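Down below is the structure, laid out as structure tokens.
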Amino acid sequence: MTVSELEAQLDAICQEAQQAIAAADSLDALEQMRVKYMGKKGPIPKVLGGMGKLDHADRPRVGARANEVKTAIQTELDDKKTALQAAAIQARLEAETLDVTMPGNYRPQGRKHPLNSTTDRILDIFVGLGYTVEEGPEMETDYYNFEALNFLPDHPARDMQDTLYLPDGNLLRTHTSTVQVRYMENTDPPIRIVVPGRVYRRDTVDATHSAVFHQVELLAVDEGLTFTDLKGTLKVFLQEFFGEELEVRFRASYFPFTEPSAEVDVKWKGRWLEIMGCGMVDPNVLKSAGYDPEVYTGFAAGLGVERMAMVLHQIDDIRRLYNSDLRFLQQF
Ligand code: 2U9
């Protein structure tokens, strides 16, 4: 081999390596090129091995050319590595770009049913007045629904026409007063409780009646409670509920479990509305619960949640509250 032949070989290696490096499309491929052209078993040491037959004076020329080729290949490798790394970062930036202007995934928002929000509103006010919330079973005995509440055995509310009886002789509670009786049996006075719940009556459904509806009832028993305490409590409650100073009117009425009893009306938006019933707990009811009516007196009141919701939101038909029509429900 002559010097120029060896130099030509080195130039050819340089050209081939530069082309291969330029074509590498990944850092892995580039590393393979480095091993292939710059490694100990690469083509350059092989060419240098052929120098043995050259004159001593010619060897440095070939060695110098080999070093030039190595430097050129190394420069090419370094430049390509920088370019590939920059491209990788750029690709990652593009892939991970977050477009904050893109519209979000729409999820329909749920909300409280107006019967639940009305119940909560009522309970919140009484809790603020120091009452605790109590609940009880919807299937009841004649004792808790009628007898303990001073209904005489032939009271018309006990009729098959008015009450839904179960085959075993139990019944679906017609009011939540059953819960107050159960609570009194287990608790000594003073008590202040508020009882929400579903109640059942054998009623023909129309715009203002439903066989299943919701009540909130309250009961306070203590020494020295009077009708004045009842009136003050209900006035505060009604003004909180309607959110303004209101005229409140009490009309004499009758319930088996209260004596005296009254209907409560409020003047709202220029009209008198019948809104709840109330009274002083009948001494017979206190006696059934094991309280001494000579020591304790109590007051109680009840309201229909549907009626309160209908008045508050000016709803024209009770059945809208049960139909699950989103066009109606989404208004609240
Ligand atoms: C006990 C003693 C007395 C609860 C009362 C009313 C008057 C009343 C109606 C309002 C509309 C029922 O939902 S409605 O149809 N309720 O008028 N409720 S006093 O009296 C009680 C409760 C428990 C132990």
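Mind checking the per residue accessible area of the range 114-329 for me, 1.4 Å probe, whole number of Å²?
Each residue of the range 114-329 exposes 48 Å² on average to a 1.4 Å probe.
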(request) Normalise the Cα radius of gyration of the range 1-117 by 2.2 N^0.38 Å (N = residues in it) and let me know the number. (result) 2.10
(message) Under 8 Å for C-alpha pairs, at least 6 residues apart: give me the relative contact order for the range 114-329, rounded to a whole percent.
(response) 21 percent
(request) For the range 207-221, take each phi angle, set θ = phi - 60°, evaluate the Karplus expression 6.51 cos²θ - 1.76 cosθ + 1.60, and give the result in whole Hz per residue in order, putting x for glycine and proline. (result) 5, 10, 10, 9, 6, 10, 9, 10, 10, 10, 10, 10, 8, 10, 10
(request) Find which of S261, T2, V127 sits farthest along the positive direction of the dipole of the chain, computed with +1 on the beta-carbon of Lys and Arg, -1 on that of Asp and Glu, about the Cα centre. (result) T2
(message) Please compute the modelled spin-label separation between M1 and Q15, points set 7 Å along Cα→Cβ, answer in nm with one decimal.
(response) 1.7 nm
(request) For the range 61-138 and the range 157-194, write down the distance between their C-alpha centroids in whole Å. (result) 55 Å
(request) Pull up all non-local amide H partners of D282: gap of 5 or more, or a different chain, and H-to-H distance under 5 Å with H placed in the peptide plane. (result) T258, E259
(message) Whole-Hz ³J(HN,Hα) for each residue in the range 299-305, computed from phi via Karplus 6.51 cos²θ - 1.76 cosθ + 1.60 with θ = phi - 60°, x for glycine and proline: what do you get?
(response) 10, 9, 8, x, 9, x, 5
(request) Can you send over the carbon and sulfur percentage of the accessible area for the range 114-329, probe radius 1.4 Å, protein chains only? (result) 49 percent
(request) About the Cα centre of the chain, how large is the charge dipole given +1 on each Lys and Arg Cβ and -1 on each Asp and Glu Cβ? Please answer in debye to the nearest 20. (result) 1880 debye
(request) Quick one: Debye curve from the alpha-carbon atoms of the range 249-300 only, equal weights, vacuum; give me log10 I(q)/I(0) at q = 0.23, 0.26, 0.28, 0.30 Å⁻¹ to two decimals. (result) -0.78, -0.90, -0.97, -1.05
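Output the antiparallel fraction of DSSP beta bridges having both residues in the chain, as a percent to the nearest 5.
Details: 42 of 44 bridges.
Once the DSSP bridges in the chain are tallied, antiparallel ones form about 95 percent.
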(message) How large is the direction-averaged shadow of the alpha-carbon convex hull of the chain, in nm²?
(response) 33.5 nm²
(message) Just to check I understand the Karplus step: with θ = phi - 60° and J = 6.51 cos²θ - 1.76 cosθ + 1.60, what whole-Hz values come out for the range 174-190, glycine and proline as x?
(response) 9, 7, 8, 4, 4, 5, 5, 4, 4, 5, 4, 4, 9, 9, 7, x, x
(request) Given the peptides 123-134, 217-228, arrange them by the average over their residues of other C-beta atoms within 10 Å, most packed first. (result) 217-228, 123-134
(message) Can you list residues from other chains, or at least 5 along the same chain, whose modelled amide H is less than 5 Å from the amide H of H175?
(response) Y200
(request) Just add up the charged neighbours of L27: K/R +1, D/E -1, any other residue whose Cβ is under 10 Å from the Cβ of L27. (result) -1
(message) Under the rule a/c < 1.5 gives rounded, and otherwise a/b versus b/c splits prolate from oblate, where does the range 80-198 land using the Cα gyration tensor?
(response) prolate
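Over the range 1-59, what percent of the accessible surface lies on carbon and sulfur atoms, probe 1.4 Å? All intermediate terms of the calculation are to be shown ahead of the outcome.
Working: 2030 of 3820 Å².
About 53 percent, which is the carbon plus sulfur part of the accessible surface.
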(message) Quick query: amide H of T208 versus all other amide H atoms, modeled in the peptide plane; which residues come in under 5 Å with a sequence gap of 5 or more or a different chain?
(response) I318
(request) Please report, in debye to the nearest 20, how large the charge dipole of the range 214-285 is about its Cα centre when each Lys and Arg carries +1 at its beta carbon and each Asp and Glu carries -1 there. (result) 360 debye
(message) Just want the answer: with Cβ charges of +1 for Lys and Arg and -1 for Asp and Glu, which residue in Q180, P196, L225 is farthest toward the dipole's positive end in the range 169-243?
(response) P196
(request) Only Lys, Arg, Asp and Glu count, each charged at its Cβ (+1, +1, -1, -1), so figure out the dipole size of the range 3-96 about its Cα centre, rounded to 20 debye. (result) 480 debye
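The values are calculated or read from the model by the stated rules, or taken from the named source; none is laboratory data. Please read all numbers here as calculations on a predicted model, not as lab measurements. FYI the Cβ positions are ideal-geometry reconstructions off the backbone, even for glycines, and counts take in every protein chain you see. With ligands, DNA and RNA removed, areas are computed over all heavy atoms of the protein, side chains included. Shrake-Rupley method; radii C 1.70, N 1.55, O 1.52, S 1.80 Å.
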